[in-house]
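The values are calculated or read from the model by the stated rules, or taken from the named source; none is laboratory data. Everything quoted here is computed from the prediction, not taken from an experiment. Neighbour counts are summed over all protein chains in view; Cβ atoms, including those assigned to glycine, are modelled from backbone coordinates with ideal geometry. Keep in mind that these areas ignore ligands, DNA and RNA; they rest on the heavy atoms of the full protein, side chains included. Shrake-Rupley method; radii C 1.70, N 1.55, O 1.52, S 1.80 Å.
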Amino acid sequence: MSRILIYSRVSTNIQKTDRQIADLENLAKSKNWNIVKIISETISGTSEMASRQFNSDVCNFIENKLIDKILITEISRLGRRVSDAINFIEYLSKNRISLFIQTLGMETLLDNGKVNHMFKPILITLASFAEMERELLSERIKGGLNNAKLMEKR
């Protein structure tokens, strides 16, 4: 039975992780996986992985060989930086920890413990879209604020 760490992240205090957690708990139960820990964070996806509490918690679980797999709903939950996502997944793979992404129904390691090579190009593409999505959102917010300032002056 796989030992699972569930990870959920939202960016702001007005958002909740309840749906992510419920979806991942249901997935784990359907696969007969043992949930060891649930970690939820409220932190921007643009923050560096190394600065997050999640990173140190996961390292502790890996060093003590307490988990086999990490579940997330989608790649953007790891963050909005391609380099962070790739580095983190490589760290997991080197330590024989698989990352399961619910929206894809895929994981980074195969059942035999080997790297799932089909996953890497998909990961890079999706992580790039997550990063781009964040940049576009930031531009839209700035544009909206500038437009509001112009409207106030009229």
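Using a simple charge model, +1 on the beta-carbon of Lys and Arg, -1 on the beta-carbon of Asp and Glu, nothing else, what dipole does the chain show about its Cα centre, in debye to the nearest 20?
220 debye
Relative to 2.2 N^0.38 Å, what does the C-alpha radius of gyration of region 1-120 come to as a ratio? Two decimals please.
0.98
Over the chain, calculate the relative contact order: mean separation of alpha carbon pairs under 8 Å at least 6 apart, over the residue count, as a percent.
That works out to 21 percent.
Looking only at ARG80, ARG52, ARG96, which one moves most when the chain is put into a Gaussian network model with springs between Cα atoms under 10 Å?
ARG52
Return the carbon/sulfur percentage of the accessible area of the chain, one whole number, probe 1.4 Å, all protein chains in place.
So the carbon and sulfur contribution to the accessible surface is 52 percent.
Can you give the Rg/Rh ratio of region 83-123, where Rg is from the C-alpha atoms and Rh is the Kirkwood radius?
Taking Rh as the inverse mean 1/r over Cα pairs, Rg/Rh reads 0.92.
Putting +1 on Lys and Arg Cβ atoms and -1 on Asp and Glu Cβ atoms, find which of LEU71, THR125, THR42 reaches farthest to the positive end of the dipole of the chain.
Result: THR42.
Under 20 Å from the 7 Å Cα→Cβ point of GLU48, by amide nitrogen: which residues of region 69-90?
77-90
Can you tally the lysine pairs in the chain where the Cα-Cα distance is under 22 Å and the two residues are eight or more apart, or on different chains?
19
Return the distance in nm (one decimal) between the two label points of a simple spin-label model at HIS117 and ARG19, each offset 7 Å from Cα along Cα→Cβ.
Result: 3.8 nm between the two label points.
For the chain, with every protein chain kept in place, what is the accessible area per residue (1.4 Å probe, Å²)?
59 Å²
To the nearest 500 deg cm²/dmol, what mean residue ellipticity at 222 nm is calculated for the chain from DSSP H runs of n ≥ 4 alone, each contributing -39,500 (n - 2.57), summed and divided by the residues?
So the helix-based figure for the chain works out to -16000 deg cm²/dmol.
Calculate how many DSSP beta bridges within the chain are antiparallel, expressed in % of all such bridges and rounded to the nearest 5.
15 percent
How much length would be gained if the chain were fully extended between CYS59 and GLU90, taking 0.36 nm per residue of separation minus their Cα-Cα distance, in nm to one decimal?
9.9 nm
Grab the beta carbon distance between ILE124 and MET151, set R0 = 41 Å, and tell me the FRET efficiency rounded to 0.05.
Rounded to the nearest 0.05, the efficiency is 0.50.
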